[in-house]
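Below you'll find the structure, written out as C-alpha cells, and then a few comments.
The values are calculated or read from the model by the stated rules, or taken from the named source; none is laboratory data. Quick caveat, the model's predicted, so the values are computed rather than measured. Because the Cβ atoms are built from the backbone with ideal geometry, glycine has one as well, and the counts that use them run over all protein chains shown. Note: areas computed on protein heavy atoms with side chains; ligands, DNA, RNA excluded. Shrake-Rupley method; radii C 1.70, N 1.55, O 1.52, S 1.80 Å.
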Amino acid sequence: MQKEYFDIIVVGAGHAGCEAALAAARLGLKTALFTITLDGVANMPCNPSIGGTAKGHLVREIDALGGEMGKAADRYTLQSRMLNLGKGPAVHSLRAQIDRRAYAGGMKHTLERQDNLDLRQCEITDIVQGEDGLWHLTTKLEAIYTAKAVVLATGTFLGGRVYVG
C-alpha cells in the first residue's frame, strides 16, 4: 500500500504513548498514534490509580510540562488519599483512584480532538530505517508509513515477563 508520511509516529496508546503523541502534535508536528485497538486507548488494566510514591512524582512532572494525565486524573477521580502519613513529609504522596472507563474515554476524546494528531488502529509489525534516513513502519495489513522519528511506547505488551520467586 502507498506510504503515508508523518513527522513523528508513536506506537502504543497507553499513558506514555498518549503523552508523547499529544506533546508532538502540540508542537505542530504531523503526528500519528498507532494502537492495536481503539478500545484500549489509555486503558488502565492493572490498577485504576494515578499517583503514589513513584508515579505521583512522574505525573507532577508531566503536568508541569503541559501533559494531560494529571488533568484527566482530576476529571475522573473517584477518591483520593494521602499515603505514608505515618512517615516523614518527604514520602507523603497523593494517590487517586480513577474511573478507568471514563478516564480512557476522556483521553481518547482528547486525542481525537487534537490538531496535527491522527489516531490509527492497526498493528505495527516491522520498523526499519531506510537509506533516506526516514523510518519505515509496516502494518499487519502491509500498509507502509514513514516518519522522521518513532517513539515506541508499547508498555507491558512487548513480550514482557514477570518472574516470581
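Okay, residues lined up against (1) under 15 Å from residue 42 (Cα atoms); (2) more than 19 Å from the chain's Cα centre (by Cα):
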residue	(1), (2)
108	yes, no
111	yes, no
121	yes, no
124	no, no
134	no, yes
137	no, no
140	no, yes
151	no, no
155	yes, no
Just to check your reading of the model, which residue among 43, 47 is touching a helix residue (DSSP H, G or I) at 6+ places or on another chain (Cβ under 6 Å), part of a loop (DSSP other than H, G, I, E, B) and either on the phi < 0 side of the Ramachandran plot or among the aromatic types (Phe, Trp, Tyr) (or both)?
43
Can you spot a residue in the stretch 22-39 that is of a type outside the set (Ser, Thr, Tyr), open to solvent by 20 Å² or more (accessible area, probe 1.4 Å), closer than 16 Å to residue 120 by Cα and free of Cβ contacts under 8 Å to residues at least 40 places away in the same chain?
yes
Could you grab me the full set of residues in the stretch 53-69 that are open to solvent by 20 Å² or more (accessible area, probe 1.4 Å) and more than 13 Å from the chain's Cα centre (by Cα)?
53, 54, 55, 57, 58, 60, 61, 63, 64, 65, 66
Would you mind listing the strands (runs of 3 or more DSSP E) fully within the stretch 83-165 where at least 1 residues are open to solvent by 70 Å² or more (accessible area, probe 1.4 Å) and under 23 Å from residue 56 (Cβ atoms)?
93-98
Of all the residues that make up the stretch 17-39, how many are assigned to a strand (DSSP E or B) and not small (Gly, Ala, Ser)?
4
Any pair with Cβ under 7 angstrom, 6 or more apart, that starts in the stretch 116-130 at a residue that is in contact (Cβ under 8 Å) with a residue 12 or more places away in the chain and ends at one that is among the basic types (Lys, Arg) and surrounded by 14 or more Cβ atoms within 10 Å (Cβ to Cβ)
116/30
Looking at this structure, is residue 72 in contact with a Phe, Trp or Tyr (Cβ under 9 Å, 6 or more places away or on another chain), buried (at least 22 other Cβ atoms within 10 Å of the Cβ) and part of a helix (DSSP H, G or I)?
yes
